[in-house]
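A.B. asks: Right, I'll just put the structure down here and ask away after.
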Amino acid sequence: MAIKIFIDQGHNPAGSVNAGAEANGLYEGDINYQVGIYLANLLSNDDRFEVRLSRPTPTTVLGTSNASSLQARVQMANEWPADYFISIHCNFSYNPELNGTEVYIFEFLTQANWLARFILDGITETVGTNDNGIRLNPSLYVLRRTQMPSLLVELGYLSNVSDAQKLRDNQWGFAYGIYLGILRYFGFTPPQ
């Protein structure tokens, strides 16, 4: 039985409802989309995994509001049903010094918590962002309403020049870091 992983590329394309943050000439929805595609390709080439994406095309728009966009993503994962849910995002702050990668979960000492640790290590090791740790945020809809271990990855800060450069130039690296984390979580050896 393949492990079913639902990859939610957070937000919608630029110019649509729920498009996400924008800074340093980058649009969050577009980066999330591409990192998700790279991750799906990596996982799809491994027959131990089955993958579905919330946004299979760059023009896919989910929902007509922020709330219905989030509902659609959760509903797809729950109805499949996925074994794991990974939501991909980019961070933003009005303080341009803030930088790094963090992962949000619903509850500590859970499978999502362990998976988050491996994914965070994979990303920081692959792309060199700072490790901002695993953070609890049970109010996030995608963590609260999914029926499987779920996490929300904030890849880096669009508002920080150094992170923005990585998010622009190394989207494959972010995807590979998440992929490495998933493999290690399951005790699988990464390909050489």
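The values are calculated or read from the model by the stated rules, or taken from the named source; none is laboratory data. Quantities reported herein were computed from a predicted structural model and do not represent experimental measurements. All Cβ positions, glycine included, derive from the backbone under ideal geometry; neighbour counts span all protein chains shown. Heads up: the accessible areas ignore ligands, DNA and RNA and are worked out on the full protein's heavy atoms, side chains in. Shrake-Rupley method; radii C 1.70, N 1.55, O 1.52, S 1.80 Å.
A.B. asks: Counting just the residues of segment 18-43 that are open to solvent by 50 Å² or more (accessible area, probe 1.4 Å) and part of a loop (DSSP other than H, G, I, E, B), which one comes out farthest from Y157 (Cα to Cα)?
C.D. replies: If we take residues in segment 18-43 being open to solvent by 50 Å² or more (accessible area, probe 1.4 Å) and part of a loop (DSSP other than H, G, I, E, B), then G25 is farthest from Y157 (Cα to Cα).
A.B. asks: Looking for whichever is within 22 Å of Q34 (Cβ to Cβ) and assigned to a strand (DSSP E or B) here; the options are F85, F174. Which one fits?
C.D. replies: F85
A.B. asks: Residue by residue through segment 123-154, note down the ones that are open to solvent by 20 Å² or more (accessible area, probe 1.4 Å) and free of Cβ contacts under 8 Å to residues at least 40 places away in the same chain.
C.D. replies: Residues satisfying the conditions are G128, N130, D131, N132, I134, R135, L136, N137, P138, S139, L140, R144.
A.B. asks: Pairs needed: first member in segment 157-182, in contact (Cβ under 8 Å) with a residue 24 or more places away in the chain and surrounded by 22 or more Cβ atoms within 10 Å (Cβ to Cβ); second member anywhere, of a type in the set (D, E) and not in a helix (DSSP H, G or I); C-beta distance under 8 Å; at least 6 residues apart or different chains.
C.D. replies: Correct list of pairs: L158/E22; N160/E97.
A.B. asks: Sort out which residues of segment 44-76 are surrounded by 19 or more Cβ atoms within 10 Å (Cβ to Cβ) and in a helix (DSSP H, G or I), and write them in order of number.
C.D. replies: Matches in segment 44-76: S69, L70, R73, V74.
A.B. asks: Here is a check on your reading of the model: is R52 without any contact (Cβ under 8 Å) to a residue 60 or more places away in the chain and of a type in the set (K, R)?
C.D. replies: Criteria met by R52.
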